[in-house]
Amino acid sequence: MGRIQKKGTLVVGIISSNPPYEFHTSTNGKDKFRGSDVKLVKAISKKLGVKYQLKQMDVDGLLPALQAKKVDMLVTSLTPTPERKKAAEFSNVYYKSTAAITVRKTDFKRFNGNTKALSRATIAVVNSSTQEAMLQKVYPNATLKKFSKVTDLALAVANNKADAFCIDVPTTKLLLRQNPSLKQTNFSHDDGSVGAAVAMPKGTSENLIKKVNQVIKANKQQYSKWVIDETKYVQE
């Protein structure tokens, strides 16, 4: 923690597009990066008494950047899976949601309530996400199409490149707003994850982990409200 305070800036790795958790908006031609995870970063940096800097990247670049010490931590709806725990230290969980499956409206009757049809479907999912692991377990015979950007999931289904997509419920609601030709099925799955946590490099001081956990404890209920509130700012 002393190193972060010495340089005066907390450098945080974050996904570039994952609304409502992190996303870009434009007001009067000015770009702004915001989201519930950005609010959590602000709260952590305030607790540490430093400024913050966000480094935006794809999912695949997150852990390598952390391991290479290019960032001090990852605050980007990351689940502490056993595999990820080998590469990073994790805070307590700050948010947990449920996964949903969405299809084209024209295919809704075919897939809704039909586990057999979904088990043979091509399902779009974010690469290395908790939804990917869940789908492999629940629908082992389904074909998974993996993408690095959340917005690509809905586009894949809308453009007939996949039968369905799977992501958490708040994100699903946003993607449906942007893609009226799609509809959420009644399949709602616990993705088996413990939820989202802050990732820090292996060997991180107990003091820093403790301070991050204090911020999470103080803002856990508030974070769920941030998620809902931030959906209002996601642009079509």
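The values are calculated or read from the model by the stated rules, or taken from the named source; none is laboratory data. Just so it is clear, the model here is predicted, and its values are computed rather than measured. All Cβ positions, glycine included, derive from the backbone under ideal geometry; neighbour counts span all protein chains shown. Accessible surface is based on the protein model in full, side chains and every heavy atom, while ligands, DNA and RNA are left aside. Shrake-Rupley method; radii C 1.70, N 1.55, O 1.52, S 1.80 Å.
Go through region 121-149 and count every residue that is surrounded by fewer than 19 Cβ atoms within 10 Å (Cβ to Cβ), in a strand (DSSP E or B) and in contact (Cβ under 8 Å) with a residue 24 or more places away in the chain.
Matching residues across region 121-149 total 1.
Sort out which residues of region 96-120 are open to solvent by 40 Å² or more (accessible area, probe 1.4 Å) and among the hydroxyl-bearing types (Ser, Thr, Tyr), and write them in order of number.
Within region 96-120, Thr98, Thr106, Thr115 meet the criteria.
Specify the residue that is nearest to the chain's Cα centre (by Cα); the eligible residues are those in region 57-95 that are open to solvent by 30 Å² or more (accessible area, probe 1.4 Å) and of a type in the set (S, T, N, Q).
Of everything passing the filter in region 57-95, Ser77 is nearest to the chain's Cα centre (by Cα).
Within region 161-171, count every residue that is closer than 15 Å to Lys149 by Cβ and part of a helix (DSSP H, G or I).
Total meeting the criteria: 1.
Where residues in region 17-48 are part of a loop (DSSP other than H, G, I, E, B) and more than 19 Å from Met200 (Cα to Cα), which of them is most open to solvent (accessible area, probe 1.4 Å)?
Among those residues, the one meeting the criterion is Asn28.
For region 163-211, how many residues meet the condition of being over 30 Å from Phe90 (Cα atoms) and of a type in the set (A, V, I, L, M)?
Total meeting the criteria: 3.
In region 153-177, what residues are at pLDDT below 95 and not hydroxyl-bearing (Ser, Thr, Tyr)?
Filtering region 153-177 for residues at pLDDT below 95 gives 167-177.
Within region 153-177, Ile167, Asp168, Val169, Pro170, Lys173, Leu174, Leu175, Leu176, Arg177 qualify.
Of everything in region 185-221, what is closer than 26 Å to Ala100 by Cα and part of a strand (DSSP E or B)? Give them in sequence order.
Thr185, Asn186, Phe187, Ser188, His189, Ala196, Ala197, Val198, Ala199
Restricting attention to region 212-236, which residues are farther than 20 Å from Phe33 by Cα and of a type in the set (Gly, Ala, Ser)? Explain how you work it out, then say what you get.
Taking region 212-236 first, the residues farther than 20 Å from Phe33 by Cα are 212-221.
Selection gives Ala218 alone.
Of a type in the set (A, V, I, L, M, F, W, C) and at pLDDT below 95 - does that describe any residue in region 20-30? Steps first, please.
So in region 20-30, the residues of a type in the set (A, V, I, L, M, F, W, C) come out as 23.
From what is left, the residues that are at pLDDT below 95 are 23.
The answer is yes; a qualifying residue exists.
When region 52-75 is examined, which residues are found to be at pLDDT 95 or above and in a strand (DSSP E or B)?
Tyr52, Gln53, Leu54, Lys55, Gln56, Met73, Leu74, Val75
In region 178-195, which residues are surrounded by 12 or more Cβ atoms within 10 Å (Cβ to Cβ) and at pLDDT below 95?
Listed by number, the residues that qualify are Gln178, Asn179, Phe187, Ser188, His189, Asp191, Gly192, Ser193, Val194, Gly195.
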